[in-house]
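What follows is a set of notes on a single structure, which appears directly below.
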Amino acid sequence: MFVKLFSKKSPRSDLELIEAYKETRDNKFVGELFERYTHLVYGVCLKYLKDEEDSKDAVLLIFEKLLTDLLRFEIQNFPPWLHRLTQNYCLMYLRQRQREFKRSEDYFANQDDEGMDSDPDWHLSNKGEKHEKEERLTSIEDALQTLNPEQKQCVELFFLEEKSYQEIVEITGFTLSKVKSFLQNGKRNIKKQLGILTLVFWLLFM
């Protein structure tokens with residue numbers, strides 16, 4: 001009886017999180033699931049796309065794709081399924097980029113310098129992406145200000161300055177268990193403020 005009362009609740013399995021998402025449509029379950037594999041997804045993207053920024057963008061888009069695909073498919077083993085999904089996305093992206101490159105070559109072949117400068121679509125995509133990233137970064141900065149001083153200090157040292165646990169202990173004077181607690185609670189509070197998609201963006205881009 002005492003064991004049941006005081007034992008820690010074990011984390012949900014991948015399939016349990018998927019079932020919870022299907023039943024509730026609550027994105028937090030996909031967020032918890034995806035958080036386990038974010039850096040593995042990023043590694044696959046980087047292998048295929050050969051570009052850090054493109055790979056980071058791809059991770060965000062794959063997360064968004066998961067929100068719909070998890071409802072469409074019956075999944076028995078999530079990690080290999082996610083690997084195939086990521087691989088297929090990257091191959092599709094490369095094919096699309098190749099087609100766009102071909103169209104760009106054809107376009108530039110028929111444009112002089114003045115024509116390119118006056119084209120209203122020139123740089124439009126890049127400007128939109130830059131604006132979106134700037135908005136997310138502003139939201140992240142605002143969310144950091146909502147943390148208590150200890151959480152904020154530990155989060156900034158760990159994620160922004162890439163300090164190790166031991167280095168944070170030496171800098172702050174907190175115990176190791178306190179550092180881990182401040183990081184865990186700080187990350188949870190940021191997730192509440194921003195939502196999982198922006199949190200994934202932050203972990204990758206910062």
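The values are calculated or read from the model by the stated rules, or taken from the named source; none is laboratory data. Everything numeric in this text was worked out from a predicted model, so none of it was measured. Using ideal geometry, Cβ is built from the backbone for each residue, glycine included, and neighbour counts are taken over all protein chains shown.
Below are the figures for this structure:
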| read-out | value |
| --- | --- |
| Residue list for the range 55-89, restricted to those being of a type in the set (D, E, K, R) and touching a residue at least 24 places away in the same chain (Cβ under 8 Å) | Lys56, Asp57, Glu64, Lys65 |
| Test result for Val59, touching a Ser or Thr at 6+ places or on another chain (Cβ under 9 Å) and modelled with pLDDT of 90 or more | yes |
| Given (1) out of contact with any Asp or Glu (no Cβ under 9 Å at 6 or more places or on another chain); (2) more than 21 Å from Leu91 (Cα to Cα), number of the condition Tyr48 does not satisfy | (2) |
| Subset tally (residues that are of a type in the set (Gly, Ala, Ser) and under 19 Å from Thr146 (Cα atoms)) for the range 159-183 | 1 |
| Residues that are modelled with pLDDT under 55 and among the hydroxyl-bearing types (Ser, Thr, Tyr), drawn from the range 91-106 | Ser104 |
